[in-house]
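Trainee: Quick one: the structure is below, and I'll ask about it shortly.
The values are calculated or read from the model by the stated rules, or taken from the named source; none is laboratory data. The shown structure was predicted, so the numbers you read here are calculated from the model rather than taken from an experiment. FYI the Cβ positions are ideal-geometry reconstructions off the backbone, even for glycines, and counts take in every protein chain you see.
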Amino acid sequence: MADAGREVATLGGGCFWCTEAVFVDLRGVDRVVSGYMGGPLPNPSYEQVCSGRTGHAEVVQVTFDPAEIPFREILEIFFTTHDPTTLNRQGGDEGTQYRSVVFYHDDEQRRVADEIIRELTERRLYDDPIVTEVSPASEFYPAESYHQDYYARNPYQGYCQVVIAPKVSKFRKAYTSRLKR
């Protein structure tokens, strides 16, 4: 639940470590929490979600000030920082838990998500069709504490150096004017 004057966006763009590392640096974003959404199993563990059998996606829940960064801009950044055309996969991460998904929290978020997907499709920015799922938000389960702020706490870990660091660097160059620092 967002604080007064704040909204929540819940997005799955592959590994939540990568997605969190992008959104945490945005001006107007108050909090980014890695977690799970979209499956029927209550309180799933990382191991259960990684099995691909729970129906959950790895997501981030982004709490933001819509007066400073509107939901539309959150989604524009989301669509430029992952591949929305690969079904159940981002890079080497494969399975339904890595699907591209926007879990909307109200009708306006759904409208904006559908509109952006339609616009991106019409502009033919991608060679393949966008497969991003747009679904109603369900129960959000925060991931285990060792997943929170993973990139910031483990910048020299192999996955962070090879996968996350280049993505964050590209993001920071493209959105310099939107960064907190």
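Trainee: What's the number of the condition Tyr146 fails, among (1) closer than 17 Å to Gly13 by Cα; (2) assigned to a helix (DSSP H, G or I)?
Mentor: (1)
Trainee: How do the pairs read when you match residues in segment 159-181 that are under 17 Å from Gly14 (Cβ atoms) with residues anywhere that are small (Gly, Ala, Ser), using Cβ under 8 Å and keeping only pairs 6 or more apart or on different chains?
Mentor: Listed by first residue and then by second, the contacts come to Val163/Gly91; Val163/Gly92; Ile164/Ala21; Lys167/Ala21; Val168/Ala21.
Trainee: Let me ask you something else. Somewhere in segment 116-125, is a residue in contact with a Ser or Thr (Cβ under 6 Å, 6 or more places away or on another chain) and not in a helix (DSSP H, G or I)?
Mentor: No.
Trainee: Just to verify a result, which residue in segment 32-62, among those that are under 17 Å from Tyr151 (Cβ atoms) and in contact with an Asp or Glu (Cβ under 9 Å, 6 or more places away or on another chain), is surrounded by the fewest Cβ atoms within 10 Å (Cβ to Cβ)? Before you say what the answer is, go through the steps one by one.
Mentor: Within segment 32-62, the first condition is being under 17 Å from Tyr151 (Cβ atoms), and the residues that meet it are 32-35, 46, 58-62.
After this cut, where a residue has to be in contact with an Asp or Glu (Cβ under 9 Å, 6 or more places away or on another chain) as well, the list is 32-35, 46, 58, 60, 62.
On the way: Val32: 23, Val33: 19, Ser34: 22, Gly35: 23, Tyr46: 16, Glu58: 30, Val60: 26, Val62: 28.
Ranking the candidates gives Tyr46 first.
Trainee: Which pairs turn up if I take residues in segment 36-64 that are modelled with pLDDT under 95 and look for partners that are surrounded by fewer than 16 Cβ atoms within 10 Å (Cβ to Cβ) with beta carbon separation below 6 Å, at least 6 apart in sequence or on another chain?
Mentor: Gly52/Gly95
Trainee: Turning to a different aspect of this structure: Considering (1) in a strand (DSSP E or B); (2) out of contact with any strand residue (DSSP E or B) (no Cβ under 8 Å at 6 or more places or on another chain); (3) among the aliphatic types (A, V, I, L, M), say which one Val134 fails and leave the rest.
Mentor: (2)
Trainee: Looking at Tyr104, Tyr98, which one is closer than 26 Å to Arg31 by Cα and in contact with a Pro (Cβ under 7 Å, 6 or more places away or on another chain)?
Mentor: Numbers: Tyr98 fails: in contact with a Pro (Cβ under 7 Å, 6 or more places away or on another chain).
Sole residue among the options that is closer than 26 Å to Arg31 by Cα and in contact with a Pro (Cβ under 7 Å, 6 or more places away or on another chain): Tyr104.
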